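Taken together, the values in this text are just the output of simple stated rules run on the coordinates, not laboratory data. Keep in mind it's a predicted model, so treat the numbers as computed, not measured. Here Cβ is always computed from backbone atoms with ideal geometry, including for glycine, and neighbour counts include all displayed protein chains.
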Amino acid sequence: MSQLFVKIRLQKNGNKYRKLLATEKNIFPGISDLVLGSVEYDPQTLLDEGEWYFVNNFSRSEYAAPDLLNPFDTVEFDSLEVENIKKIDFLFAEEEGVLFFQNIGSSRLVQRKTLLHFGGNFCYDDKCMSIIIHEIPDAAYIRESDTLYFRKLASITGIFKGMDLLYREATEDETKHFLQNTFLSLKDGFSAVKVKTANRKRIALATDTLSRLKQSEQKQIFHYIKEYCPHLKYTNHAFEITNEDDLKMLLYGIEQRFYTTLIGKEKRIANSVITLK
């Protein structure tokens, strides 16, 4: 059995959850059919086909919504009013101890002309509102193990506020501050305004990494970068950065993404990283 609920936008305080329907059919696949493999969330890890990220002890995190994740009494939820359909933020279904979440954006809440069939009769409605439910949810939360599964961080940041900080972009000021490091030398007019989203995210990671390194370890990292990136000019104890690609290679080096194969001694870049435990 599946119970379907929605969260709506309200300007006033009060219960923002509404009941939508209950059905004997499961709306989403079972968790064992859905999550074929999983890796603990790390912004440096890319998912393979069928894999999901997971976050353990999620209810204890600052991103959790206790009133949503903890067992709740559905009698406290009013039914969704028709006039509030356009205020839906996301929907969630409770099925066998698992909560499934799906964001509702403009692409999933549509108004269109529809021919409806009721028994032996047909009805035409030129302003029918429809909620599109995808086969695969944006996230799934298992209460028993207190684990959240998701595939794209961007798709759940509207559901669990603040989770975008798990993989944030460096701000303009943070980007400028990073580029002012003495181990960098900007050339050919390159500046913070030319740094795009991908490298801003890498800068946020690199800043955290460098903050954990001792001075001697940073020197080892710079030697490592020079070994794998001979095209990056290194003069007066600084790497010359002339474009986005130069910056990307430097940031990859700080995260130690370069390696040499055991057989063949081929130098490579790891596009995705999973820490072995």
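Normalised Debye scattering of segment 172-269 at q = 0.24 Å⁻¹ gives log10 I(q)/I(0) of -1.44, counting only Cα atoms as equal scatterers and leaving out solvent.
Only lysines eight or more places from Lys176 in sequence, or on another chain, were considered; those with a Cα closer than 29 Å are Lys152, Lys161, Lys187, Lys194, Lys196, Lys201, Lys214, Lys219, Lys226, Lys233, Lys248. Label-to-label distance, Ser211 versus Tyr234, with points set 7 angstrom from Cα along the beta-carbon direction: 2.6 nm.
Per 0.36 nm of contour for each residue apart, how much would the distance between Gln218 and Glu135 grow if the chain were fully extended, relative to their Cα-Cα spacing? Let's see the in-between values first.
Details: separation 83, 0.36 × 83 = 29.88 nm, distance 4.69 nm.
Between Gln218 and Glu135, full extension yields 25.2 nm more.
Over the chain, the reciprocal of the mean inverse Cα-Cα separation, the Kirkwood hydrodynamic radius, stands at 22.4 Å. Please identify which residues in segment 232-251 have an amide N closer than 12 Å to a label point set 7 Å out from the Cα of Asn181, following the Cα→Cβ vector. Residues 238-239, 247-251 fall inside that zone.
With a sphere of radius 9 Å drawn around the Cβ of Gly30, what net charge do the other residues whose Cβ falls strictly inside it have (Lys, Arg +1; Asp, Glu -1)? Kindly include the intermediate steps, with their values, before the conclusion.
Values: positive: none; negative: Asp33, Glu95, Glu96.
With Lys, Arg at +1 and Asp, Glu at -1, the net is -3.
Here each label is just a point 7 Å from Cα along the line to Cβ, and for Gln44 and Ala22 those points are 4.9 nm apart. Over the chain, Cα pairs under 8 Å with separation of 6+ residues give a relative contact order of 16 percent.
The Cα atoms of segment 2-166 cover 53, 39, 28 Å along the three principal axes, with the biggest extent listed first.
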